[in-house]
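Input: a single structure, listed below in structure tokens.
The values are calculated or read from the model by the stated rules, or taken from the named source; none is laboratory data. Bear in mind the structure is a predicted one, so any value in this text is a computation, not a measurement. Methodologically, a virtual Cβ is constructed for each residue, glycine included, from the backbone with ideal geometry; neighbour enumeration extends over all protein chains shown. Protein only, heavy atoms only, side chains kept; ligands, DNA and RNA dropped before computing areas. Shrake-Rupley method; radii C 1.70, N 1.55, O 1.52, S 1.80 Å.
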Amino acid sequence: KVFHENGYFCFPSYARKLEGSLSVVDERDILYRDLDTNETFLLGYTAQDMISSIDTNDAEGELFSRKRYTNKKFRILCFAAIALACMDKKDQRPLVIQTGLPSSFLEADEPQMVNALSKPAHLRNFDFKIDRDHIFANMAQPAGAFYSVIIKDDGSYSADARSYLFGNTLVIDIGFGTFDFYGLKNRALVCKESND
């Protein structure tokens, strides 16, 4: 899921190396060509739809576990998302990334994510390197969900933001292998846990 200055989009987090070429192209196809290796990958829905029940090429641990930051497919998916977000970029301002991690993994995993995202990307029509100081993976994922509830599209607080901030609020973020708890009591963070 990506939210950027000019909009937002979402595609399934799956990449598959393409052997040969596609004879018919669909509007949902996302193709990624690595100019360093000349490899082409299919991303998103089409790649996901190519998985069969007997497919053993991708281990779940490599795709979705905490060790995925060193996996080439992780960087491919991230770089493709960055390129899609920058298609309408018309200025020379540096790229800045803000993302989140499960609450309990922030301290240990942020450096790994920064390392992965700060590598140079050389792909068709895009060539970029994001400065390490412009990558922020320091937000607990449930905090992102919480802020999306209390902050409106124009950046102002929603009408009920005060009651969530000053009351007792528990955000439960379930998905992608973790069960995250994030609790606030009168603006103070009192609970920040992640369970498998």
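Name the single residue, out of those in region 18-77 being modelled with pLDDT of 80 or more and aromatic (F, W, Y), that is surrounded by the most Cβ atoms within 10 Å (Cβ to Cβ).
The qualifying residue surrounded by the most Cβ atoms within 10 Å (Cβ to Cβ) is Y32.
Is it fair to say T99 is of a type in the set (V, I, T), farther than 19 Å from K1 by Cβ and part of a strand (DSSP E or B)?
no
Checking the structure you have, find out if any residue of region 148-161 is touching a residue at least 24 places away in the same chain (Cβ under 8 Å), surrounded by fewer than 16 Cβ atoms within 10 Å (Cβ to Cβ) and hydrophobic (A, V, I, L, M, F, W, C).
no
If you go through region 1-15 one residue at a time, do you hit one that is acidic (D, E), farther than 23 Å from P120 by Cβ, in a loop (DSSP other than H, G, I, E, B) and open to solvent by 100 Å² or more (accessible area, probe 1.4 Å)?
No - not one qualifying residue is present in region 1-15.
Out of everything in region 96-105 that is open to solvent by 30 Å² or more (accessible area, probe 1.4 Å) and hydroxyl-bearing (S, T, Y), what residue ends up being modelled with the lowest pLDDT?
Looking at the filtered set, the residue picked out is S104.
State all residues of region 174-192 that are at negative phi, in contact (Cβ under 8 Å) with a residue 40 or more places away in the chain and open to solvent by 40 Å² or more (accessible area, probe 1.4 Å); if no residue qualifies, say none.
F181, K192
Just checking: which of the strands (runs of 3 or more DSSP E) contained wholly in region 125-196 hold 3 or more residues that are more than 19 Å from the chain's Cα centre (by Cα) and modelled with pLDDT of 85 or more?
168-175, 178-185, 188-195
Cβ-Cβ below 7 Å, separation at least six or inter-chain, first residue in region 83-102 and charged (D, E, K, R), second open to solvent by 40 Å² or more (accessible area, probe 1.4 Å): which pairs?
Correct list of pairs: D88/N6.
When region 106-126 is examined, which residues are found to be more than 19 Å from V2 (Cα to Cα) and open to solvent by 30 Å² or more (accessible area, probe 1.4 Å)?
The answer is E107, A108, P111, Q112, N115, K119, P120, H122, R124, N125.
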